[in-house]
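Read the structure below first, then the notes.
Here, each number is a calculation from the coordinates, and none is a lab measurement. Bear in mind that the values here come from a model prediction, so they are computed numbers and not experimental data. All Cβ positions, glycine included, derive from the backbone under ideal geometry; neighbour counts span all protein chains shown.
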Amino acid sequence: MIDPPRSTALHYEIRIRGHLDDRWAEWFDGLTITLEDDGDTLLSGPVIDQAALHGLLKKVRDLGLLLVSVNRVQFQESHPNRSKQEKKMNTSATQPKKIDTKTLLSTLWVVVILNMLKADILSLYIPGSAEQLAKTAGDTPIPLLMLGGAIMMEISIVMIVLSRVLKYKVNRWTNIITSIITIAFVVGGGASYPHYIFIATVEVACLLLIVWFAWKWRSSEG
């Protein structure tokens with residue numbers, strides 16, 4: 001008697017543009033993630049049926065990821081030349097997790113606003129600081145100068161929230177443009193006190209980091 005042919009597990013490779021990180025483990029549980037040297041991510045593993053495959057592709061779409069290709073391969077097929085960065089997503093919990101870009105940008109804005117407040121508070125303890133401010137302002141009325149400073153500080157506070165909620169493209173450019181404007185405000189409207197120069201240096205460094213991280217930000221990173 002001839003035995004009926006054994007059922008072969010469906011094995012698929014789903015290629016996605018950009019590198020994914022460990023945050024997506026819950027979305028693609030049971031699959032293997034391979035970070036390719038060309039910058040793509042390869043999701044591979046057994047898929048029960050077509051409905052399950054469609055479910056995986058729907059997750060890719062819902063995450064806003066760019067799908068490059070979907071290929072069915074033999075379960076026994078091996079790929080000895082793949083990147084050594086391959087890892088099982090369900091065992092990646094022991095690896096240090098990458099900080100989400102939105103969280104990083106928001107945190108840097110918190111540091112910026114705290115340093116702004118600290119600089120203003122410390123300046124109050126310096127005798128003659130009001131006269132120095134009036135001299136720096138020139139013909140500009142002091143209340144108007146204070147209004148400008150208040151607006152810039154409010155913008156920095158708002159950026160703490162916007163960095164977390166804005167969509168990817170708008171988020172990137174909002175952070176870049178606002179940081180450049182804030183740098184001009186910090187440098188152009190600063191005082192010559194040693195404490196202010198030190199704090200302003202920290203503020204500018206944080207703002208430059210915001211510009212850098214926003215510029216390097218890719219949509220697949222979060």
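Summary of packing: across the peptides 59-66, 198-205, the per-residue average of other C-beta atoms within 10 Å ranks them, highest first, as 198-205, 59-66. Taking 7 Å along the Cα-to-C-beta vector as the label spot, tell me the Trp173-Ser192 distance in nanometres, rounded to one decimal. In this crude spin-label approximation the distance works out to 4.1 nm.
Extending 7 Å from Cα along the Cβ direction at Leu117 and again at Val211 yields two label points whose distance is 2.6 nm. With 22 Å as the limit on Cα-Cα distance, the pairs of Lys58/Lys167; Lys102/Lys216; Lys167/Lys216; Lys58/Lys102; Lys59/Lys167; Lys118/Lys169 that go past it are Lys58/Lys102; Lys118/Lys169.
Using R0 = 41 Å, the C-beta based FRET efficiency linking Val70 and Val165 works out to 0.80.
Cβ crowding within 10 Å ranks Ser123, Ser163 as Ser123, Ser163, fewest other Cβ atoms first.
For Val158 and Leu57, the FRET efficiency from 1/(1 + (r/R0)^6), where r spans their Cβ atoms and R0 equals 35 Å, is about 0.40.
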